[in-house]
Each structure stands twice: as structure tokens, then as C-alpha cells.
1. Which of the residues spanning region 57-112 are assigned to a strand (DSSP E or B), more than 16 Å from residue 34 (Cα to Cα) and basic (Lys, Arg)?
2. Of everything in region 331-352 that's surrounded by 13 or more Cβ atoms within 10 Å (Cβ to Cβ) and within 23 Å of the chain's Cα centre (by Cα), which residue is farthest from residue 37 (Cα to Cα)?
3. Report whether or not residue 309 is outside the structural domain of residue 55 (by TED's automatic domain parsing) and β-branched (Val, Ile, Thr).
4. What's the total number of residues in region 217-228 that are assigned to a strand (DSSP E or B) and among the β-branched types (Val, Ile, Thr)?
5. Are any residues in region 452-471 polar (S, T, N, Q) and assigned to a strand (DSSP E or B), and if so, which ones?
6. Buried (at least 21 other Cβ atoms within 10 Å of the Cβ), basic (Lys, Arg) and in contact (Cβ under 8 Å) with a residue 12 or more places away in the chain: does that describe residue 94?
7. Kindly provide the set of residues from region 217-247 that are in contact with a Pro (Cβ under 6 Å, 6 or more places away or on another chain) and not hydrophobic (A, V, I, L, M, F, W, C), ordered by number.
8. Residues that are farther than 30 Å from residue 392 by Cα, aromatic (Phe, Trp, Tyr) and touching a residue at least 60 places away in the same chain (Cβ under 8 Å): does region 345-357 have at least one?
Amino acid sequence: MLPKTTYTHTLVGMACLVPQATAFFRLPCSYSAVVERADPIMDPGTVSNHLHAVMGSNAFNFTLDYPTTQMATCSTCKVIEDKSSYWVPSLFYRAQNGSFVRVQQSGGALIYYLQRTDQKDPEFDKGLIAFPEGFRMVAGDMMNRNDSNPESLAQKAVSFVCLGVNGPASPKLPKQNCPNGLRTQLIFPSCWDGHNLDSEDHKSHMAYPTGVDSGSCPSTHPKRFITIFYEVTWSVDAFKDEWYDKTKQPFVFSHGDPEGFGYHGDFLNGWEVEVLQRAIEDCTASSGVIEECSAFTFWKDEEMAGCKVLPRVNEPVDGVLAALPGCNPVQNGPEPAVLQKDCGAVTEIGDPVLPFTDLSKTLNWRYVGCAKDPAGQGRTLDGPSDDRADMTVDSCVEFCDSKGFNYAGLEYKSQCFCGNGVAQDRMPANGTTGECDYPCAGDAKQICGGYGQVSVYLRCDEGNCRNADLTKLW
């Protein structure tokens, strides 16, 4: 039996409602680090079958081991000592004409770490243990398309909550609009065989306890990890006026799953093991407030927001798409989905897609970085400005060049600002790329700043004109 909170419509923290739940903490992951067809567990070294929303450190890549995770310079998740990666399939709206639009996340994810054990655990006296270096696991089955085995512990681990609507959680996507978002929920198994850091199916080295997130472990998997539980909320209310068939809901996951029975998630451990172990033993508050745990230090909000992984699969994932990225036709079931290949989708891992336009050789201006331009605090670039519906990086740089200024900056898609310097405290935090991700009004393939963020370019001399090296973060 799942804890009542997995099937509640409230916004209250889950452990607060469950009598047997004691110590736990919530790890906020405020943003996705990247949305891409990459999966270093299921598809290492290749372009993945389907699109994922990836939360966590900027060490994430198509292949990823523990030493590489420790090279991360930032994370979208709150704790500095956690360089793990957490990922789930993306959600799409399927239009009546068969096209698809990606649904945005409300933030990134909320990861619960639940300190749950049972006196019947085979090694109860040894207590909970932290994930070891190199550990990874998958929960859920992306090929599943039915709920024919409702007593399956793995199937009970998946649920959906329609926020802003009265009613219990559901084992499949709800058939109504969710005014405050659709929350997808996934509990990972916590019983370990004690030997294998991974397994051929990425699941067999782990098992669920008898109560999914409570109860006892089987003798085959005697060791007990801290339980992790993913909550990801999707902004489905943006499509409230686009429901064209009131008998069914219009959303589908990126692996072609229109019901949610195949919802799944991946976890690749990047924790400093001794720090997580200390938190397990010492951070025993029942509030869930992670700041109450003295074992951790924390990233600033701006560092989390500016932490990005540069995408390397050259395909659109936003806008109106004719098909889901990859080879993922919608498969309704109840039969298991069949993996599709050879549909003409991109299969090459390319160079990182840089969030700037290279003008170093054409105009002798170089990209400096994504600077902050907070409202009400004075412009980062306080010289002449321009605002035009056909704004591009080139036109902004040429405008500032014609005015005799050394710096040019683009913001809010269409705005251009000039200046002769940028204060250091306005530049992105060390190890981050910043939040410049708005397409230019005059060229959607170029980036023109963001909300309170300005893409900054600097005049440079021929032969000594190098853009900021954002790839060194990986």
C-alpha cells in the first residue's frame, strides 16, 4: 500500500502527512540543466531513444561515470556536495492536427530523500547507507502501456496528481485540466543486493520493500539505501483552451506514452558519499527543510539558475514539432510498446550548441557572457539603446559600434544596449553559463538575452578575438 501522500491532491510535503514517516529532506532542483535525447545509463555514448528533462550537475553527458560527476562546476539542485543527475521523460501536448509542443516544467524537480527502514529488514541493525561511488539505477518501464498488474510494486511507484483539483492521485494521466500543474511522482527502489553498482537491465540490483517506500527488504537485497522520490510538475494549464476531445486528455510523454503507465526515471549518483552518510545519520528533522541539515552547503539561486549543459543533438525540441524527437510514434497499448528505429531522426552527437553568435572573425566582436540586468538597479549597459522587431545579434553589435561603444548587449529578444564596461557582480557566477535563452526577434536561431539577462559582446582586435570558452565546463 502506497503512503497516503502519494495519492493526495494537496501541496503539503508528503512526509508531513504520513505517521510512519520520520526523518526526511527535500532537495529542490530549480531548473533543468538540459532537455535532450541523452541517457548515459540506458544509451551510453549514443543519442538516446527519447527526450529527457535532466536536473542536476553540469557534468551530465552522453557517457558519465563517478569521477566525471565530481568535475561539475555547478548544479541546478541545491546541495553543493550532490553532483548527481536526475532525469525523466519530457511531456508534450499533442494537437488535433498531430503536431506536438513541449510542456514546460514548473521549475525543475523536487527530490525527496526519505530515511525509512523496517525492523524486518535483513540488515536492519546496520542502518541506512548512502549510495556508493558509481551507483546508478532506473525506476519504471518505458515500454509499459497498461495497468494490468496493479499489485506490482514497480507499478505502484508511479502516480500522477492534478494540482488545483479535488481528488486522489491516479496511476495514469488525469482526464481533466490541472489549474496548478500536473505533478508526476516516482518512487525509486531502496533495497540493494550489496554487490552491484548497476545491472544489465539497470534494475535487478535493486528491489522495492514490501510497501514500495516502506516495509521490509527481501533477503536477496538485504541492504537499505535512503529512499528517493521524484516530483516533477508540468505547466499543463497553458493548454487549458486547447483540449479538442473532452473524452481523453491531450498529453503524451516523449517516449510516445499517452497514458503514463510507462513513466520512468533515472538516477546516477554523484554525491560525496561521506556527506550523504553523515546527513542520513545526523539530519533527523521531520520538517523536510534541507537548510536544517548542517551536513550540507548550498548553491545560491542564481548559480542554480545559470547552470546549464550545452545540448549536442542538433534537432528542435521546442516550438511546434511534426513528431516527437527521436523515433517515438504514440503507442496506446494495452500491448507493450515496440521500440522504433530508422525513422530518419538525428543519431549523431555533435559539437555543443553555443548560446551565442560567433562574430569574432566577421565583425571583430567577441562573446563575453550572459550578464544579469536586474530591474530597478540601473542598467548593466547604460549607453544608447535600441528596440526593434527584427533585432539580431549582428544588428545590435553594428548599432553599438556605430555609436562608438565597446560593449553591446541584447535582452528580451528585441532590445539592444550599449556601454563601455560591465560590473563584475553582474557577470554570471563562476562555472555557470547564465540564463540567456531567448531567441532573437529577428532570427530565432540566435540568442538575445533573457528575462533580466543580457547577452554581452565586446569589441576586440583582429588576431586577439576569442569568445568565452563555455565548453571548458565539460
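The values are calculated or read from the model by the stated rules, or taken from the named source; none is laboratory data. In this text the structure is predicted, and so the values were computed from the model without any measurement. All Cβ positions, glycine included, derive from the backbone under ideal geometry; neighbour counts span all protein chains shown.
1. Hit for region 57-112 is 94, nothing else.
2. The extreme case among them is 352.
3. Numbers: outside the structural domain of residue 55 (by TED's automatic domain parsing): no; β-branched (Val, Ile, Thr): yes.
No: the conditions fail for residue 309.
4. The qualifying residues number 2.
5. The answer is 453, 455, 464.
6. Judged against the criteria, residue 94 is not a match.
7. Selection gives 219, 222, 237.
8. Pass one, region 345-357, residues farther than 30 Å from residue 392 by Cα: 347.
Those still in the list that are aromatic (Phe, Trp, Tyr) too: none.
No - not one qualifying residue is present in region 345-357.
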